Amino acid sequence: MFARRTDWNLAPNRFSVALERAKKSGRKLLDLSASNPTEVGLTYNESAILTALNKPAALHYEPDPRGLPSARKAVAAYYAEHGAILSPEHIILTTSTSEAYSYLFRLLCDPGDEVLTASPSYPLFDFLAGIQDVKLTSYPLFYDHGWHIDLHALESAITARTRAILVVHPNNPTGSLVSEAERLALLKICAAREIALIADEVFLDFVQPGVTAESFSREQNLALTFTLSGISKVAALPQMKLAWLVASGPAAIREQALSRLEVISDTYLSVGAPVQHALADLLQQGRGLREQLQKRVNANLAELDRQLLTQELVQRLQLQAGWYAVLRVPAIWSDEELAISLLEMDGIMVHPGHFYDFPTEDYLVISLITPTATFSQGIGLLLESL
């Protein structure tokens, strides 16, 4: 009765079972895996946000498959602040970056075609690709005083069925940015193979002091490129459900892509009018929320480094941006067993590295947006347990 693409293994893993048991116990848990910005104690200007959503124009239905012009202009203004001058006509609004991926996979891939993704990286890609009958193939990142793309391995992974290379910039969870040299190499590889480049930039605003992050949305004439982001991170408003994709690259192929994407988007018209009319105001509110989040990230990172100086077993890997830190821990047992032990013995929630396809089982991933007091206490207990 059901499609094979939905024949997932839905059995919970050992960590999920342990986490559910811990939550039901009523025990206070120290969440070092927080990812929801609305649940970490930020100060939102509730009046301004609700007022932005209360516009009479939202009562009128004005369907535009690319998104309302005023909303696309607001997105273009956001990129102008990043030094990328875009035409609103090159922007298509979606309800989420996940939906943007689905549009792009439908645009670029026939069933069984391939998209290259980094390893380690975000685990949701497997589901997003599988639902669209797309095969994911990984290329490795390697760590050498920071994370780097193994360009030789990436090129070796390209086949006749490869349709796109996907980068997360900065990567989740490694916090590594694609360097300018890597960006140019990727564009040249894509141009030579006539494949597309997809850049997920949802964490691009959250860079460490002294680090500069350039957007892939900048105009270039090498390869068809799609840049994704949205207000889930940019404005810390995941519940509002608005994201976008930006098309760039050689004009002729870019316009063909946009024309086809417009048909795909017109088939669904999924983005609601109230949030589109509110977008300029929400992006304005996002500036203050991003500042709060970056202060939190910086404070927690400093506290983490302070506590790490008191021991020699755990190492923090270098990061350039994002909301997460990667810890290398003693490989005395699997990362899943360690995460379960920390949960059951100390009430600490962390993610085992294998969730993100790290090459070995001696990594833990922790969130840097956890409230500072909880973070400090949780890190202290974690280090005492190792």
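Observations on the structure shown:
- Inter-label distance for Q256 and S156, nm, one decimal - labels placed 7 Å from Cα along Cα-to-Cβ: 3.2
- Inter-site label distance for N298 and E62 at 7 Å from Cα along Cβ, in nm: 4.0
- The Cα atoms of region 271-371 give a gyration tensor whose axes a ≥ b ≥ c have a/c of 1.5 or more with a/b greater than b/c, which makes the shape prolate.
- Between A331 and V211, the distance separating the two model label sites (each 7 Å from Cα on the Cα→Cβ line) works out to 2.6 nm.
- Between the helical axis of 273-308 and the longest alpha-carbon principal axis of the chain there is an angle of about 30 degrees.
- Backbone HN-Hα couplings from phi across region 54-69 [Karplus 6.51/-1.76/1.60, Hz, Gly and Pro as x]: 9, 9, x, 4, 5, 7, 9, 8, 10, x, 9, x, 8, x, 4, x
- Rounded to 5, percent antiparallel among DSSP beta bridges of region 171-303: 60
- Solvent-accessible heavy-atom area per residue, rounded to whole Å², over the chain at 1.4 Å: 45
- Over region 33-153 - Rg/Rh using Cα atoms and the Kirkwood inverse-distance radius: 1.04
- Cα-based radius of gyration of region 20-69 once divided by 2.2 N^0.38 Å, which approximates compact folds: 1.98
- Net charge contributed by nearby residues that have their C-beta within less than 14 Å of Q239 (K/R +1, D/E -1): 0
- Debye intensity ratio in log₁₀ form over the Cα atoms of region 117-239, taken at each q of 0.09 Å⁻¹: -0.24
- Cα shape, region 186-252, gyration tensor, a/c 1.5 rule: oblate
- The separation of region 223-275 from region 159-173, counted between C-alpha centres, amounts to 17 Å.
- Overall form of region 290-329: oblate. Here a/c, set by the Cα gyration tensor axes a ≥ b ≥ c, is 1.5 or more, and a/b is not larger than b/c.
- Compared with the dominant principal axis of the Cα atoms in the chain, helix 14-24 is inclined by about 80°.
- Here, P(r) means the percent of Cα pairs in each 10 Å bin from 0 to the largest distance; for region 115-179 it is 21, 54, 24, 2.
- Value at 222 nm in deg cm²/dmol, rounded to 500, when DSSP H runs of n ≥ 4 in the chain each add -39,500 (n - 2.57): -12500 deg cm²/dmol
- Cβ-defined net charge surrounding S156, 15 Å radius [Lys, Arg +1; Asp, Glu -1]: -1
- Cβ-Cβ distance of F142 and K188, R₀ of 22 Å, FRET efficiency by 1/(1 + (r/R0)^6): the value works out to about 0.60.
- Share antiparallel - DSSP beta bridges, the chain, percent rounded to 5: 55
- Overall, the accessible surface of the chain at a probe of 1.4 angstrom is composed of carbon and sulfur to the extent of 53 percent.
- Taking the alpha carbon gyration tensor of region 229-294, multiplying each eigenvalue by 5 and rooting it gives semi-axes of 27, 16, 9 Å, largest first.
- Over region 206-317: Rg over Rh, Cα atoms, Kirkwood Rh: 1.11
- Antiparallel DSSP beta bridges within region 64-168, as percent of all bridges there, nearest 5: 25
- With the charge dipole of region 187-295 set up from +1 on Lys and Arg Cβ and -1 on Asp and Glu Cβ about the Cα centre, the Cα lying farthest toward the positive end among the listed residues S217, V234, Q292 is that of Q292.
- Close Lys pairs in the chain, defined as Cα atoms under 22 Å apart and 8 or more places apart or on different chains, number 6.
The values are calculated or read from the model by the stated rules, or taken from the named source; none is laboratory data. These numbers come from a predicted model, not from an experiment. Using ideal geometry, Cβ is built from the backbone for each residue, glycine included, and neighbour counts are taken over all protein chains shown. The accessibility values were calculated without ligands, DNA or RNA, using every heavy atom of the protein model including side chains. Shrake-Rupley method; radii C 1.70, N 1.55, O 1.52, S 1.80 Å.
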